[in-house]
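The values are calculated or read from the model by the stated rules, or taken from the named source; none is laboratory data. All of these numbers come straight from a predicted model, not from anything done at the bench. Positions of Cβ are backbone-derived with ideal geometry, glycine not excepted, and every protein chain shown enters the neighbour counts. Each accessible area value is taken on the protein alone, full model and side chains, heavy atoms only, with ligands, DNA and RNA left out. Shrake-Rupley method; radii C 1.70, N 1.55, O 1.52, S 1.80 Å.
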Amino acid sequence: QVQLIETGGGLVQAGGSLRLSCAASGRTLSTYGMGWFRQAPGKEREFVASINWSGGTTDYADSVKGRFTISRDNAKNTVYLQMNSMKFEDTAVYFCAAEASGWATRVGDYYESWGQGTQVTVSS
């Protein structure tokens, strides 16, 4: 497993932007598929976005497509989630996750390593 640390969460007004970062320690992320998931109070965890090991393939939940962008910088061992045009319903704890095969998926159970999460709150 790899240790993941998310940063960049906070409070933002509707329509605003935030960028989340997910940094790894102890192991390189360059061969891992990476995903972002979120969980709102009283709701199940849901897929947000994923990116394969090279960054050449990305996938987004319909609810964030066109507003969020996932990217990675393997030299910095970091994955990002740029969130624009944010909505109240984006409020949640956001988690990054790593998947050893390199081919990221929407299914959370396939990810072996998870960060502790970072709170994102969007005020309406």
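Couple of notes before you dig in:
- Positions within region 42-60 being under 17 Å from TYR110 (Cβ atoms) and part of a loop (DSSP other than H, G, I, E, B), in sequence order: GLU44, ARG45, ASN52, TRP53, THR57
- On the stretch given as region 1-18, residues that are within 24 Å of ASP90 (Cβ to Cβ), open to solvent by 40 Å² or more (accessible area, probe 1.4 Å) and in a loop (DSSP other than H, G, I, E, B) total 3.
- Neighbours by Cβ (under 6 Å, 6+ apart or cross-chain): first from region 87-108, within 20 Å of THR7 (Cα to Cα); second at pLDDT below 95 and of a type in the set (Val, Ile, Thr): ALA98/VAL2
- Note on region 19-48: residues that are within 14 Å of SER71 (Cβ to Cβ), open to solvent by less than 30 Å² (accessible area, probe 1.4 Å), under 12 Å from the mean Cα position of the chain (by Cα) and hydrophobic (A, V, I, L, M, F, W, C) amount to 5.
- Filter result for ILE51 (farther than 18 Å from VAL120 by Cβ, crowded, with 18+ Cβ neighbours inside 10 Å and among the aliphatic types (A, V, I, L, M)): yes
- Residues located in region 54-73, provided they are under 21 Å from GLY9 (Cβ atoms) and open to solvent by less than 40 Å² (accessible area, probe 1.4 Å): TYR60, ALA61, VAL64, ARG67, PHE68, ILE70, ARG72
- Tally of residues being at pLDDT 95 or above and assigned to a strand (DSSP E or B) across region 19-41: 12
- If only residues of region 101-111 that are at pLDDT below 95, surrounded by fewer than 16 Cβ atoms within 10 Å (Cβ to Cβ) and part of a loop (DSSP other than H, G, I, E, B) are counted, the one that is farthest from the chain's Cα centre (by Cα) is SER101.
- SER63 passes every criterion in (1) in a loop (DSSP other than H, G, I, E, B); (2) within 20 Å of GLN1 (Cβ to Cβ); (3) hydroxyl-bearing (Ser, Thr, Tyr); (4) under 15 Å from the mean Cα position of the chain (by Cα) apart from (2).
- Subset of region 74-100 (residues that are of a type in the set (A, V, I, L, M) and either surrounded by fewer than 20 Cβ atoms within 10 Å (Cβ to Cβ) or at pLDDT below 95 (or both)): ALA75, VAL93, ALA100
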